[in-house]
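Q: After the structure tokens below, expect a handful of questions from me.
No value in this document is a laboratory result; all are computed from the given coordinates. The shown structure was predicted, so the numbers you read here are calculated from the model rather than taken from an experiment. Using ideal geometry, Cβ is built from the backbone for each residue, glycine included, and neighbour counts are taken over all protein chains shown.
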Amino acid sequence: MIHAILSLFLCQLLGEALTRTLNLPLPGPVLGMILMLLALRFIPKLAEIMRPVAQGILGHLSLLFVPAGVGVVGHISQLGGQAIGIMAAIVGSTVLAIAAGAITFAVVAKWTGNMDE
Amino acid sequence: MNDFTEIWAYLSRQPLVWLTATLAAYVIGDTCFRAANRAPIVNPVLISVILLAGLLHLTATPYAEYFQGAQFVHFLLGPATVALAFPLWENLPRLRRAAIPILAALTVGSVTAVATALAIAQVLGVQSMPMISLSVKSATAPVAIGISQSMGGSPTLTAVVVILTGICGAMVATPLLNRLGLTDWRARGFALGVAAHGIGTARAFQVHPTAGAFAGLGMALNAVFTALVAPLVLGLFN
């Protein structure tokens, strides 16, 4: 387990360092994810080391958003007098974006004969 | 009573109290979610947040003190993002095969998220600052805050809008996609990751492993794509 955690931290650290030095427009952990993907691709042994920790942490991904969520409650007043308009924009556009994205995926997959097994 | 006050005064300075409370609130939220047959409306994040916000209010605890404990959970967001590489690696052949639908759905999903949010807000008379936050709301929080700051937006307001978007996406996705009759887990997960970043991805993992893997990819791709699209679309509305 300690090897898996070390691997996650190393990838994140490298990602953070690279995004800062190269001034990349993406967060360190996202670059860390790409680095981890490359590591998994080229080090066959790594997958079995990573599996239990990755599945454990991703199985409770929701938990990790709780502290930020609690912070939001204290700042909900920031929405101010425009709260209704902002909430309507969030809900409306999220519904439309999920629908549009999923329909596009399904239609294009059908056109290109790319069905899932 | 005096003893209790003293013990409380001591304990509340330790990170352990609020770390324990965060985990306990999540266990309660997750138990409700399971008891409700994983109904999306019973969102575990939302329940935990409401419980903890109520508790902080009752005990007159400032958020900074709460965060002393909660930071240990919050910290894991970074390593968890790196861990998303594992399901991506497991699904690599399927991801490669689906490259064209992925790019198409990314473009349409991301542009729809930005353009419709701004259009609805403008019709309802929302003014400049929140417009900036709304334009980046589907990207993962650090990216969204970074882009909005570079356009002159407020980081706090952006964080609020981003988190609300994630919770909203996690709650509406299942009933919406069922009504649309879409059964492809790749399409369902990917669209949710693009529209509702990490919180949507967390929901996708609760529903199906394939949906989770594709949601993680959608979130990562949209982090980059939003940085390109949001300033362009926002320009059309000013």
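Q: Just want to confirm a number: the relative contact order over the range B:149-238, from Cα pairs under 8 angstrom separated by 6+ residues, in percent.
A: Details: 96 pairs, mean separation 22.3, N = 90.
Here the relative contact order equals 25 percent.
Q: Additional query: Could you grab the relative contact order for chain B? Cα pairs under 8 Å, six or more apart, rounded to a whole percent.
A: Answer for chain B is 19 percent.
Q: Count charges around residue B:42 for me, please; just the other residues with Cβ under 13 Å from its Cβ, Lys/Arg as +1, Asp/Glu as -1. All intermediate terms of the calculation are to be shown ahead of the outcome.
A: On the way: positive: B:34, B:38, B:203; negative: B:30.
Summing Lys and Arg as +1 and Asp and Glu as -1 gives +2.
Q: Another question, then. Using only alpha carbons, build the gyration tensor for the protein assembly as shown and give me the equivalent ellipsoid semi-axes, biggest first, whole Å.
A: 31, 26, 20
Q: Mind putting a number on the dipole of the range B:59-200 about its Cα centre? Charges go on the C-beta only, +1 for Lys and Arg and -1 for Asp and Glu, and I need it in Debye to the nearest 20. Before the final figure, lay out each step's value.
A: Values: 7 positive and 3 negative charges, 96 e Å.
Charge dipole, the range B:59-200, about its Cα centre: 460 debye, nearest 20.
Q: Rounded, prolate or oblate: which one fits the range B:64-123, using the alpha carbon gyration tensor with axes a ≥ b ≥ c (rounded when a/c is under 1.5, else prolate when a/b beats b/c, else oblate)?
A: oblate
Q: So what J values fall out for the range A:12-21 if you push phi through Karplus, 6.51 cos²θ - 1.76 cosθ + 1.60 with θ = phi - 60°, rounded to Hz, Gly and Pro as x?
A: Computed from phi, the couplings for the range A:12-21 are 5, 4, 4, x, 4, 5, 5, 5, 6, 5 Hz.
Q: Right, another one. Please report the relative contact order for chain A, taking Cα pairs under 8 Å with a sequence separation of at least 6, and give it as a percent rounded to a whole number.
A: 18
Q: Right, here's the next one. Rounding to the nearest 10 and keeping the result within 0 to 90°, find how far the Cα-based axis of helix B:2-11 lies from the longest principal axis of chain B.
A: Once rounded, one gets 40 degrees.
Q: Taking only Cα atoms, what is the 0 to 90° angle, nearest 10, from helix B:209-237's long axis to the longest principal axis of chain B?
A: In chain B, helix B:209-237 runs at an angle near 80 degrees to the longest axis.
Q: Which one, B:115, B:64, B:85, has the greatest fluctuation when you compute a Gaussian network model over chain B with C-alpha springs under 10 angstrom?
A: B:64
Q: Looking only at A:95, A:53, A:70, which one moves most when chain A is put into a Gaussian network model with springs between Cα atoms under 10 Å?
A: Answer for the Gaussian network model of chain A: A:95.
Q: Separate question: Rounded, prolate or oblate: which one fits the range A:57-110, using the alpha carbon gyration tensor with axes a ≥ b ≥ c (rounded when a/c is under 1.5, else prolate when a/b beats b/c, else oblate)? If you can, show how the numbers build up before the last one.
A: Working: a/c = 6.51, a/b = 1.36, b/c = 4.80.
It is oblate, given that a/c is not under 1.5 and a/b is not larger than b/c.
Q: Compute the helix-to-body angle for B:44-58: its Cα long axis versus the longest principal axis of chain B, expressed 0 to 90° and rounded to tens.
A: The angle comes out near 30 degrees.
Q: How do B:30, B:184 rank when sorted from fewest to most other Cβ atoms within 10 Å of their own Cβ?
A: Listed from fewest to most nearby Cβ atoms, that is B:30, B:184.
Q: Select from B:220, B:70, B:195 the residue whose mean-square fluctuation is largest in a Gaussian network model of chain B (Cα-Cα springs shorter than 10 Å).
A: B:70
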